[in-house]
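Visitor: Take a look at the following structure, please.
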Amino acid sequence: MTTAPAPRRGALALLAATQLLLIMDTAIVNVALPSVGEHLATGSADLSWVANAYLITFGGLLLLGGRIADLLGHRRVFLGGLGLLAVASAAGGLAPGADALVAARAAQGVGAALAAAAAFALLLLLFPDGPARHRALGAFAAMGGLGGVLGTVLGGVVTDLLGWRSTFWLNVLLAAVLAVLALLVLDRRTGPVRHGGFDLAGALTATAGIGLVAYALVGAADAGWLSARTLGAGGAGLALLPVFTAVEARAAAPLVPPSVLARPALRLSNTLAALAQTTLFPMFFLVSLYLQNVLGYPPLGGGLGLLPLSLVVVAVAPQTGRLIFRIGLHRTMTLGFVLLCAGTLWLALALTPDGGFASTVLAPSLLLGAALPLVVVTTNVAATAEAAAEETGLASGLVNTSQQFGSVLGLAVLVAVATSRSEAVDAARAAAETSGYRAALLTGAAFAAAAALLSVRLHPQRRVPEASPGHRVPDRR
(Lines give C-alpha, C1' and ligand atoms only; values in the text may rest on other atoms or scores of the structure.)
Protein backbone atom coordinates (compact mmCIF):
# COMPACT_ATOMS: atom_id res chain seq x y z
CA MET A 1 0.00 0.00 0.00
CA THR A 2 1.57 3.23 -1.17
CA THR A 3 1.58 6.52 0.67
CA ALA A 4 -0.72 9.25 -0.58
CA PRO A 5 0.93 12.11 -2.53
CA ALA A 6 1.80 15.23 -0.55
CA PRO A 7 -1.12 17.36 -1.87
CA ARG A 8 -3.61 14.68 -0.88
CA ARG A 9 -1.94 14.26 2.52
CA GLY A 10 -2.33 17.99 3.07
CA ALA A 11 -5.99 17.86 2.04
CA LEU A 12 -6.59 14.87 4.32
CA ALA A 13 -4.99 16.70 7.26
CA LEU A 14 -7.27 19.68 6.60
CA LEU A 15 -10.44 17.57 6.32
CA ALA A 16 -9.57 15.50 9.40
CA ALA A 17 -8.93 18.74 11.33
CA THR A 18 -12.39 19.93 10.28
CA GLN A 19 -13.89 16.73 11.66
CA LEU A 20 -11.97 17.34 14.88
CA LEU A 21 -13.36 20.89 15.12
CA LEU A 22 -16.98 19.86 14.54
CA ILE A 23 -16.88 17.07 17.15
CA MET A 24 -14.89 19.21 19.58
CA ASP A 25 -17.40 22.07 19.29
CA THR A 26 -20.24 19.97 20.71
CA ALA A 27 -18.18 18.82 23.69
CA ILE A 28 -16.77 22.28 24.47
CA VAL A 29 -20.19 23.92 24.58
CA ASN A 30 -21.66 21.10 26.67
CA VAL A 31 -18.93 21.61 29.31
CA ALA A 32 -19.57 25.37 29.29
CA LEU A 33 -23.36 25.09 29.72
CA PRO A 34 -23.43 25.41 33.54
CA SER A 35 -21.46 28.67 33.29
CA VAL A 36 -23.79 29.87 30.52
CA GLY A 37 -26.84 29.24 32.71
CA GLU A 38 -25.31 31.02 35.68
CA HIS A 39 -24.22 34.07 33.68
CA LEU A 40 -27.43 34.46 31.64
CA ALA A 41 -29.73 33.43 34.51
CA THR A 42 -31.21 30.71 32.31
CA GLY A 43 -33.21 27.72 33.52
CA SER A 44 -32.34 24.15 32.65
CA ALA A 45 -35.07 23.86 30.00
CA ASP A 46 -33.82 26.83 27.99
CA LEU A 47 -30.23 25.79 28.60
CA SER A 48 -30.80 22.36 27.07
CA TRP A 49 -31.80 24.00 23.80
CA VAL A 50 -28.40 25.67 23.55
CA ALA A 51 -27.16 22.15 22.79
CA ASN A 52 -30.31 20.85 21.09
CA ALA A 53 -30.61 23.67 18.53
CA TYR A 54 -27.21 22.71 17.13
CA LEU A 55 -28.08 19.00 16.97
CA ILE A 56 -31.40 19.61 15.18
CA THR A 57 -30.06 21.82 12.39
CA PHE A 58 -26.87 19.78 12.05
CA GLY A 59 -28.75 16.50 11.70
CA GLY A 60 -31.62 17.92 9.67
CA LEU A 61 -29.49 19.57 6.98
CA LEU A 62 -26.72 17.02 6.37
CA LEU A 63 -28.53 15.31 3.50
CA LEU A 64 -29.43 18.61 1.85
CA GLY A 65 -25.90 19.91 2.43
CA GLY A 66 -24.38 16.93 0.66
CA ARG A 67 -26.59 17.35 -2.38
CA ILE A 68 -25.95 21.11 -2.50
CA ALA A 69 -22.23 20.30 -2.55
CA ASP A 70 -22.77 18.05 -5.58
CA LEU A 71 -24.56 20.88 -7.38
CA LEU A 72 -22.42 23.89 -6.43
CA GLY A 73 -19.00 22.30 -5.87
CA HIS A 74 -17.65 20.70 -2.73
CA ARG A 75 -14.81 23.16 -2.11
CA ARG A 76 -17.21 26.12 -2.40
CA VAL A 77 -19.75 24.62 -0.02
CA PHE A 78 -17.01 23.55 2.40
CA LEU A 79 -15.73 27.13 2.58
CA GLY A 80 -19.26 28.48 2.89
CA GLY A 81 -20.00 26.12 5.77
CA LEU A 82 -16.84 27.13 7.63
CA GLY A 83 -17.66 30.80 7.04
CA LEU A 84 -21.18 30.43 8.41
CA LEU A 85 -19.84 28.45 11.38
CA ALA A 86 -17.39 31.27 12.18
CA VAL A 87 -20.02 34.03 11.87
CA ALA A 88 -22.55 32.09 13.97
CA SER A 89 -19.88 31.36 16.60
CA ALA A 90 -19.11 35.10 16.81
CA ALA A 91 -22.83 35.75 17.27
CA GLY A 92 -22.84 33.21 20.10
CA GLY A 93 -19.88 34.90 21.73
CA LEU A 94 -21.74 38.22 21.64
CA ALA A 95 -25.21 36.85 22.54
CA PRO A 96 -26.93 39.07 25.15
CA GLY A 97 -29.40 36.41 26.24
CA ALA A 98 -30.49 32.79 25.94
CA ASP A 99 -32.75 33.31 22.91
CA ALA A 100 -29.96 34.90 20.88
CA LEU A 101 -27.57 32.14 21.95
CA VAL A 102 -30.00 29.40 20.86
CA ALA A 103 -30.41 31.13 17.48
CA ALA A 104 -26.63 31.33 17.09
CA ARG A 105 -26.30 27.63 17.94
CA ALA A 106 -28.92 26.76 15.30
CA ALA A 107 -26.94 28.76 12.72
CA GLN A 108 -23.78 26.97 13.85
CA GLY A 109 -25.53 23.68 13.11
CA VAL A 110 -26.33 24.83 9.56
CA GLY A 111 -22.69 25.76 8.95
CA ALA A 112 -21.49 22.49 10.49
CA ALA A 113 -23.85 20.46 8.29
CA LEU A 114 -22.57 22.12 5.11
CA ALA A 115 -18.92 21.81 6.13
CA ALA A 116 -19.25 18.19 7.33
CA ALA A 117 -21.10 16.92 4.26
CA ALA A 118 -18.73 18.68 1.86
CA ALA A 119 -15.63 17.56 3.78
CA PHE A 120 -16.64 13.91 3.71
CA ALA A 121 -17.50 14.12 0.00
CA LEU A 122 -14.10 15.70 -0.71
CA LEU A 123 -12.44 12.81 1.08
CA LEU A 124 -14.34 10.29 -1.06
CA LEU A 125 -13.27 12.06 -4.24
CA LEU A 126 -9.64 12.47 -3.23
CA PHE A 127 -9.28 8.86 -2.13
CA PRO A 128 -10.88 6.25 -4.43
CA ASP A 129 -12.32 3.10 -2.90
CA GLY A 130 -9.53 0.87 -1.60
CA PRO A 131 -6.68 0.95 0.95
CA ALA A 132 -6.07 4.70 0.52
CA ARG A 133 -9.69 5.48 1.39
CA HIS A 134 -9.58 3.10 4.35
CA ARG A 135 -6.57 4.95 5.76
CA ALA A 136 -8.25 8.31 5.16
CA LEU A 137 -11.41 7.16 6.94
CA GLY A 138 -9.20 5.87 9.75
CA ALA A 139 -7.83 9.38 10.17
CA PHE A 140 -11.39 10.71 10.31
CA ALA A 141 -12.32 8.17 12.98
CA ALA A 142 -9.22 9.03 15.02
CA MET A 143 -10.03 12.74 14.92
CA GLY A 144 -13.64 12.07 15.89
CA GLY A 145 -12.59 10.06 18.93
CA LEU A 146 -9.98 12.61 19.92
CA GLY A 147 -12.35 15.55 19.35
CA GLY A 148 -14.79 14.50 22.05
CA VAL A 149 -12.13 14.24 24.73
CA LEU A 150 -10.15 17.28 23.57
CA GLY A 151 -13.37 19.31 23.57
CA THR A 152 -14.18 18.23 27.11
CA VAL A 153 -10.70 19.08 28.37
CA LEU A 154 -10.44 22.38 26.48
CA GLY A 155 -13.97 23.31 27.46
CA GLY A 156 -13.13 22.97 31.13
CA VAL A 157 -9.80 24.82 30.87
CA VAL A 158 -10.98 27.65 28.61
CA THR A 159 -14.23 28.20 30.54
CA ASP A 160 -12.38 28.32 33.87
CA LEU A 161 -9.69 30.72 32.61
CA LEU A 162 -11.52 32.97 30.13
CA GLY A 163 -15.25 32.41 30.61
CA TRP A 164 -17.86 30.61 28.50
CA ARG A 165 -17.89 33.21 25.70
CA SER A 166 -14.28 32.33 24.90
CA THR A 167 -15.39 28.86 23.76
CA PHE A 168 -17.33 30.46 20.91
CA TRP A 169 -14.44 32.76 19.96
CA LEU A 170 -12.16 29.72 19.84
CA ASN A 171 -14.48 28.34 17.16
CA VAL A 172 -14.16 31.57 15.19
CA LEU A 173 -10.38 31.36 15.25
CA LEU A 174 -10.19 27.68 14.30
CA ALA A 175 -12.78 27.95 11.51
CA ALA A 176 -10.95 30.96 10.05
CA VAL A 177 -7.62 29.08 10.09
CA LEU A 178 -9.19 26.05 8.38
CA ALA A 179 -10.81 28.26 5.73
CA VAL A 180 -7.47 29.91 4.89
CA LEU A 181 -5.79 26.49 4.67
CA ALA A 182 -8.60 25.24 2.45
CA LEU A 183 -7.94 28.05 -0.02
CA LEU A 184 -4.30 26.96 -0.17
CA VAL A 185 -4.69 23.17 -0.11
CA LEU A 186 -7.89 22.25 -1.94
CA ASP A 187 -7.93 22.18 -5.73
CA ARG A 188 -9.41 25.32 -7.30
CA ARG A 189 -10.95 23.34 -10.15
CA THR A 190 -14.07 22.55 -8.24
CA GLY A 191 -17.00 22.85 -10.60
CA PRO A 192 -20.15 20.86 -9.89
CA VAL A 193 -20.07 17.06 -10.35
CA ARG A 194 -23.83 16.85 -10.81
CA HIS A 195 -25.77 18.94 -13.30
CA GLY A 196 -29.48 19.56 -13.69
CA GLY A 197 -32.24 21.20 -11.69
CA PHE A 198 -32.69 21.38 -7.96
CA ASP A 199 -35.41 19.29 -6.33
CA LEU A 200 -36.95 21.99 -4.12
CA ALA A 201 -39.96 19.89 -3.05
CA GLY A 202 -37.71 16.98 -2.09
CA ALA A 203 -35.34 19.30 -0.23
CA LEU A 204 -38.18 20.87 1.77
CA THR A 205 -39.91 17.60 2.68
CA ALA A 206 -36.64 15.81 3.57
CA THR A 207 -35.27 18.66 5.66
CA ALA A 208 -38.58 19.30 7.42
CA GLY A 209 -39.13 15.60 8.10
CA ILE A 210 -35.62 14.96 9.41
CA GLY A 211 -35.63 18.20 11.41
CA LEU A 212 -38.96 17.43 13.08
CA VAL A 213 -37.86 13.92 14.04
CA ALA A 214 -34.64 15.36 15.47
CA TYR A 215 -36.66 17.98 17.37
CA ALA A 216 -38.85 15.25 18.86
CA LEU A 217 -35.88 13.10 19.89
CA VAL A 218 -33.79 15.82 21.51
CA GLY A 219 -36.85 17.29 23.25
CA ALA A 220 -38.09 13.96 24.61
CA ALA A 221 -35.77 14.12 27.63
CA ASP A 222 -37.34 17.41 28.75
CA ALA A 223 -40.96 17.07 27.65
CA GLY A 224 -41.33 13.27 27.95
CA TRP A 225 -41.73 10.58 25.30
CA LEU A 226 -45.54 10.70 25.45
CA SER A 227 -45.90 14.47 25.60
CA ALA A 228 -47.95 16.29 22.97
CA ARG A 229 -44.85 18.11 21.74
CA THR A 230 -42.80 14.96 21.26
CA LEU A 231 -45.60 12.94 19.65
CA GLY A 232 -46.74 15.83 17.48
CA ALA A 233 -43.30 16.70 16.12
CA GLY A 234 -42.26 13.07 15.72
CA GLY A 235 -45.52 12.11 14.03
CA ALA A 236 -45.34 15.05 11.63
CA GLY A 237 -41.73 14.26 10.78
CA LEU A 238 -42.44 10.59 10.13
CA ALA A 239 -45.48 11.49 8.02
CA LEU A 240 -43.30 13.65 5.78
CA LEU A 241 -40.90 10.81 4.98
CA PRO A 242 -43.34 8.86 2.75
CA VAL A 243 -44.30 12.19 1.17
CA PHE A 244 -40.61 12.67 0.40
CA THR A 245 -40.44 9.20 -1.17
CA ALA A 246 -43.44 10.00 -3.39
CA VAL A 247 -41.91 13.34 -4.43
CA GLU A 248 -38.62 11.67 -5.35
CA ALA A 249 -40.37 9.11 -7.54
CA ARG A 250 -41.82 11.93 -9.68
CA ALA A 251 -38.98 14.49 -9.61
CA ALA A 252 -36.97 15.12 -12.79
CA ALA A 253 -33.76 15.67 -10.76
CA PRO A 254 -34.47 14.00 -7.39
CA LEU A 255 -32.57 14.92 -4.25
CA VAL A 256 -32.16 11.19 -3.54
CA PRO A 257 -32.72 9.06 -6.66
CA PRO A 258 -34.96 6.04 -5.87
CA SER A 259 -32.35 3.80 -7.48
CA VAL A 260 -29.88 4.79 -4.74
CA LEU A 261 -32.30 3.96 -1.92
CA ALA A 262 -33.03 0.65 -3.64
CA ARG A 263 -29.48 -0.60 -2.98
CA PRO A 264 -29.72 -3.15 -0.12
CA ALA A 265 -26.08 -2.72 0.95
CA LEU A 266 -26.50 1.05 1.21
CA ARG A 267 -29.61 0.76 3.35
CA LEU A 268 -28.04 -1.82 5.67
CA SER A 269 -24.71 0.02 5.99
CA ASN A 270 -26.46 3.27 6.93
CA THR A 271 -28.54 1.38 9.50
CA LEU A 272 -25.33 -0.07 10.97
CA ALA A 273 -23.70 3.38 11.00
CA ALA A 274 -26.66 4.65 13.03
CA LEU A 275 -26.55 1.68 15.42
CA ALA A 276 -22.84 2.22 16.04
CA GLN A 277 -23.44 5.80 17.18
CA THR A 278 -26.52 4.78 19.17
CA THR A 279 -24.11 2.96 21.48
CA LEU A 280 -20.93 5.04 21.16
CA PHE A 281 -22.14 8.63 21.51
CA PRO A 282 -24.13 8.22 24.76
CA MET A 283 -21.36 6.02 26.19
CA PHE A 284 -19.00 9.03 26.27
CA PHE A 285 -21.69 11.11 27.95
CA LEU A 286 -22.59 8.45 30.53
CA VAL A 287 -18.97 7.71 31.47
CA SER A 288 -18.31 11.41 31.99
CA LEU A 289 -21.40 11.68 34.22
CA TYR A 290 -20.38 8.61 36.23
CA LEU A 291 -16.87 9.97 36.83
CA GLN A 292 -18.21 13.36 37.94
CA ASN A 293 -21.52 12.57 39.69
CA VAL A 294 -20.61 9.28 41.34
CA LEU A 295 -16.82 9.25 41.73
CA GLY A 296 -16.61 13.00 42.37
CA TYR A 297 -14.21 13.98 39.60
CA PRO A 298 -14.19 17.65 38.47
CA PRO A 299 -15.26 18.37 34.85
CA LEU A 300 -11.64 18.43 33.71
CA GLY A 301 -11.01 15.09 35.42
CA GLY A 302 -14.08 13.64 33.76
CA GLY A 303 -12.72 14.61 30.38
CA LEU A 304 -9.23 13.30 31.10
CA GLY A 305 -10.78 10.00 32.19
CA LEU A 306 -11.68 9.43 28.53
CA LEU A 307 -8.16 10.19 27.32
CA PRO A 308 -6.89 6.56 27.41
CA LEU A 309 -9.84 5.53 25.22
CA SER A 310 -9.01 8.29 22.73
CA LEU A 311 -5.34 7.32 22.61
CA VAL A 312 -6.33 3.75 21.71
CA VAL A 313 -8.61 5.13 18.96
CA VAL A 314 -5.73 7.16 17.53
CA ALA A 315 -3.47 4.08 17.61
CA VAL A 316 -5.95 1.59 16.12
CA ALA A 317 -7.62 3.77 13.48
CA PRO A 318 -4.65 3.84 11.05
CA GLN A 319 -4.42 0.03 11.24
CA THR A 320 -8.07 -0.54 10.33
CA GLY A 321 -7.36 -0.46 6.60
CA ARG A 322 -4.77 -3.23 6.95
CA LEU A 323 -7.23 -5.33 8.90
CA ILE A 324 -9.90 -4.85 6.22
CA PHE A 325 -7.34 -5.92 3.59
CA ARG A 326 -6.43 -9.07 5.52
CA ILE A 327 -9.77 -10.42 6.75
CA GLY A 328 -12.35 -8.52 4.67
CA LEU A 329 -14.73 -5.65 5.25
CA HIS A 330 -17.70 -7.43 6.81
CA ARG A 331 -15.51 -9.58 9.10
CA THR A 332 -13.72 -6.47 10.36
CA MET A 333 -17.07 -4.78 10.89
CA THR A 334 -18.48 -7.76 12.78
CA LEU A 335 -15.35 -7.90 14.93
CA GLY A 336 -15.77 -4.20 15.71
CA PHE A 337 -19.38 -4.58 16.79
CA VAL A 338 -18.55 -7.67 18.89
CA LEU A 339 -15.82 -5.67 20.66
CA LEU A 340 -18.23 -2.75 21.08
CA CYS A 341 -20.83 -5.03 22.65
CA ALA A 342 -18.27 -6.73 24.89
CA GLY A 343 -16.69 -3.44 26.00
CA THR A 344 -20.03 -1.79 26.77
CA LEU A 345 -21.25 -4.87 28.65
CA TRP A 346 -17.99 -5.05 30.62
CA LEU A 347 -18.22 -1.36 31.49
CA ALA A 348 -21.84 -1.70 32.62
CA LEU A 349 -21.07 -4.63 34.91
CA ALA A 350 -17.92 -2.99 36.31
CA LEU A 351 -19.60 0.19 37.56
CA THR A 352 -19.90 0.44 41.32
CA PRO A 353 -20.91 3.36 43.59
CA ASP A 354 -17.63 3.22 45.50
CA GLY A 355 -15.28 2.22 42.70
CA GLY A 356 -12.35 4.05 41.16
CA PHE A 357 -11.33 4.94 37.64
CA ALA A 358 -8.68 2.23 37.37
CA SER A 359 -10.95 -0.51 38.73
CA THR A 360 -14.13 0.32 36.80
CA VAL A 361 -13.61 2.44 33.69
CA LEU A 362 -10.03 2.04 32.45
CA ALA A 363 -9.89 -1.54 31.15
CA PRO A 364 -13.29 -1.64 29.36
CA SER A 365 -12.65 1.82 27.91
CA LEU A 366 -9.49 0.51 26.24
CA LEU A 367 -11.53 -2.23 24.57
CA LEU A 368 -14.08 0.36 23.45
CA GLY A 369 -11.24 2.46 22.05
CA ALA A 370 -10.27 -0.46 19.80
CA ALA A 371 -13.88 -1.05 18.75
CA LEU A 372 -14.68 2.57 17.82
CA PRO A 373 -12.47 2.93 14.71
CA LEU A 374 -13.35 -0.57 13.50
CA VAL A 375 -17.10 0.13 13.41
CA VAL A 376 -16.83 3.76 12.25
CA VAL A 377 -14.39 3.09 9.41
CA THR A 378 -16.09 -0.07 8.15
CA THR A 379 -19.60 1.39 8.17
CA ASN A 380 -18.35 4.48 6.33
CA VAL A 381 -16.55 2.31 3.77
CA ALA A 382 -19.64 0.18 3.22
CA ALA A 383 -21.98 3.18 3.01
CA THR A 384 -19.87 4.86 0.31
CA ALA A 385 -18.49 1.88 -1.64
CA GLU A 386 -21.21 2.03 -4.31
CA ALA A 387 -21.20 5.81 -4.76
CA ALA A 388 -20.31 7.22 -8.17
CA ALA A 389 -18.46 10.54 -8.48
CA GLU A 390 -21.68 12.49 -8.91
CA GLU A 391 -23.12 10.82 -5.79
CA THR A 392 -20.33 11.61 -3.33
CA GLY A 393 -22.20 14.47 -1.68
CA LEU A 394 -25.33 12.34 -1.48
CA ALA A 395 -23.43 9.39 0.04
CA SER A 396 -21.76 11.75 2.50
CA GLY A 397 -25.09 13.31 3.49
CA LEU A 398 -26.76 9.94 3.96
CA VAL A 399 -24.10 8.36 6.17
CA ASN A 400 -23.55 11.57 8.16
CA THR A 401 -27.32 11.84 8.71
CA SER A 402 -27.45 8.21 9.83
CA GLN A 403 -24.61 8.74 12.30
CA GLN A 404 -26.06 11.99 13.63
CA PHE A 405 -29.49 10.46 14.17
CA GLY A 406 -27.95 7.42 15.79
CA SER A 407 -26.22 9.77 18.22
CA VAL A 408 -29.39 11.75 18.96
CA LEU A 409 -31.57 8.63 19.28
CA GLY A 410 -29.02 6.83 21.44
CA LEU A 411 -28.62 9.79 23.77
CA ALA A 412 -32.37 10.27 24.09
CA VAL A 413 -33.10 6.58 24.75
CA LEU A 414 -30.14 5.77 27.01
CA VAL A 415 -30.48 8.93 29.11
CA ALA A 416 -34.19 8.16 29.52
CA VAL A 417 -33.30 4.62 30.66
CA ALA A 418 -30.69 5.95 33.08
CA THR A 419 -33.06 8.55 34.52
CA SER A 420 -36.04 6.22 34.95
CA ARG A 421 -33.91 3.53 36.58
CA SER A 422 -32.22 6.01 38.90
CA GLU A 423 -35.55 7.38 40.07
CA ALA A 424 -36.98 3.90 40.59
CA VAL A 425 -34.24 2.76 42.95
CA ASP A 426 -34.84 3.68 46.58
CA ALA A 427 -31.25 3.91 47.79
CA ALA A 428 -28.42 6.36 48.25
CA ARG A 429 -27.88 8.83 45.42
CA ALA A 430 -24.59 7.30 44.22
CA ALA A 431 -26.06 3.78 44.17
CA ALA A 432 -29.18 4.96 42.34
CA GLU A 433 -27.22 6.85 39.70
CA THR A 434 -24.84 3.92 39.19
CA SER A 435 -27.82 1.62 38.70
CA GLY A 436 -29.20 3.99 36.08
CA TYR A 437 -25.92 4.24 34.19
CA ARG A 438 -25.57 0.45 34.27
CA ALA A 439 -29.07 -0.05 32.83
CA ALA A 440 -28.37 2.49 30.08
CA LEU A 441 -25.08 0.85 29.11
CA LEU A 442 -26.70 -2.59 29.04
CA THR A 443 -29.23 -1.14 26.59
CA GLY A 444 -26.35 0.19 24.50
CA ALA A 445 -24.73 -3.25 24.54
CA ALA A 446 -27.98 -4.71 23.20
CA PHE A 447 -27.90 -2.24 20.28
CA ALA A 448 -24.30 -3.26 19.53
CA ALA A 449 -25.22 -6.97 19.66
CA ALA A 450 -28.04 -6.39 17.16
CA ALA A 451 -25.60 -4.56 14.88
CA ALA A 452 -23.10 -7.44 15.10
CA LEU A 453 -25.77 -9.88 13.93
CA LEU A 454 -26.86 -7.59 11.09
CA SER A 455 -23.29 -6.94 9.92
CA VAL A 456 -22.90 -10.59 8.90
CA ARG A 457 -25.39 -9.92 6.09
CA LEU A 458 -23.50 -6.97 4.61
CA HIS A 459 -21.71 -7.54 1.30
CA PRO A 460 -21.38 -4.21 -0.55
CA GLN A 461 -20.31 -4.15 -4.17
CA ARG A 462 -17.45 -1.87 -5.14
CA ARG A 463 -18.14 0.62 -7.89
CA VAL A 464 -15.28 0.67 -10.39
CA PRO A 465 -14.73 4.18 -11.84
CA GLU A 466 -15.02 4.43 -15.59
CA ALA A 467 -11.72 5.21 -17.28
CA SER A 468 -11.88 8.25 -19.49
CA PRO A 469 -9.40 10.81 -20.84
CA GLY A 470 -10.84 13.48 -18.55
CA HIS A 471 -10.87 11.32 -15.44
CA ARG A 472 -8.76 13.08 -12.76
CA VAL A 473 -9.42 11.91 -9.26
CA PRO A 474 -7.24 14.49 -7.45
CA ASP A 475 -8.91 17.37 -9.29
CA ARG A 476 -12.44 16.55 -8.26
CA ARG A 477 -14.24 18.62 -5.75
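Visitor: Kindly provide the Kirkwood hydrodynamic radius of the stretch 200-297 in Å, to one decimal, from all pairs of distinct alpha carbon atoms.
Guide: It works out to 15.9 Å.
Visitor: Another one. With every protein chain kept in place and ligands, DNA and RNA left out, what is the accessible area per residue of the stretch 348-441? Probe 1.4 Å, answer in Å².
Guide: Counting only protein heavy atoms, the per-residue value for the stretch 348-441 is 31 Å².
Visitor: Output the relative contact order of the chain, whole-number percent, from Cα pairs under 8 angstrom with separation of 6+ residues.
Guide: Once divided by the residue count of the chain, the mean separation gives 23 percent.
Visitor: With unit charges on the beta carbons (Lys and Arg positive, Asp and Glu negative) and the dipole taken about the Cα centre of the stretch 369-451, which residue among Val399, Asn380, Gly410 sits farthest to the positive side?
Guide: So the residue furthest toward the plus end is Gly410.
Visitor: List the chymotrypsin sites (Phe, Trp or Tyr not before Pro) within the stretch 198-259 that fall in a DSSP loop (any state other than H, G, I, E or B) and whose Cβ has at most 15 other Cβ atoms within 10 Å.
Guide: Answer in residue order: Phe198, Trp225.
Visitor: OK, next. On the accessible surface of the chain, probed at 1.4 Å, how many percent belong to carbon and sulfur atoms?
Guide: The value for the chain is 68 percent carbon and sulfur by accessible area.
Visitor: With every protein chain kept in the model, how would you rank His39, His330, His134 by accessible area, 1.4 Å probe, largest at the top?
Guide: The ranking, largest first, comes out as His39, His330, His134.
Visitor: Can you tell me the accessible area per residue over the stretch 128-277, all protein chains present, probe 1.4 angstrom, in square angstrom?
Guide: 43
Visitor: Right, something else. Sorted by packing (mean other beta-carbon atoms within 10 Å per residue), highest first, where do 161-172, 370-381 land?
Guide: Those peptides, ordered most packed to least, come out 370-381, 161-172.
Visitor: Next up: Which of the peptides 261-267, 140-146 is most tightly packed, and how do the rest follow, judged by the mean count of other Cβ atoms within 10 Å per residue?
Guide: The packing order, highest mean first, is 140-146, 261-267.
Visitor: Right, next: Would you work out if the stretch 352-428 is rounded, prolate or oblate? Take a ≥ b ≥ c from the square roots of the eigenvalues of the alpha-carbon gyration tensor; rounded if a/c is under 1.5, else prolate when a/b is larger than b/c, oblate otherwise.
Guide: oblate
Visitor: To continue, here is another question. Put +1 on the Cβ of each Lys and Arg and -1 on the Cβ of each Asp and Glu in the stretch 222-348; which of Leu289, Ala228, His330 then has its Cα farthest toward the positive end of the dipole?
Guide: Among Leu289, Ala228, His330, the one farthest towards the positive end of the dipole of the stretch 222-348 is His330.
Visitor: May I ask you to order 277-284, 357-364, 75-82 by the average number of other C-beta atoms within 10 Å around their residues, highest value first?
Guide: 277-284, 75-82, 357-364
Visitor: Another question about this same structure. I need the shape label for the stretch 76-229. Rule: rounded when a/c is under 1.5, else prolate if a/b > b/c, else oblate, with a, b, c from the alpha carbon gyration tensor.
Guide: Verdict is oblate for the stretch 76-229.
Visitor: Ordering Phe120, Phe285 by accessible area with a probe of 1.4 Å, largest first, what comes out?
Guide: Phe285, Phe120
The values are calculated or read from the model by the stated rules, or taken from the named source; none is laboratory data. Bear in mind the structure is a predicted one, so any value in this text is a computation, not a measurement. Note that each Cβ is placed from the backbone with ideal geometry, even for glycine, and that neighbours are counted across all protein chains shown. These accessible areas exclude ligands, DNA and RNA; they are computed on the full protein's heavy atoms, side chains included. Shrake-Rupley method; radii C 1.70, N 1.55, O 1.52, S 1.80 Å.
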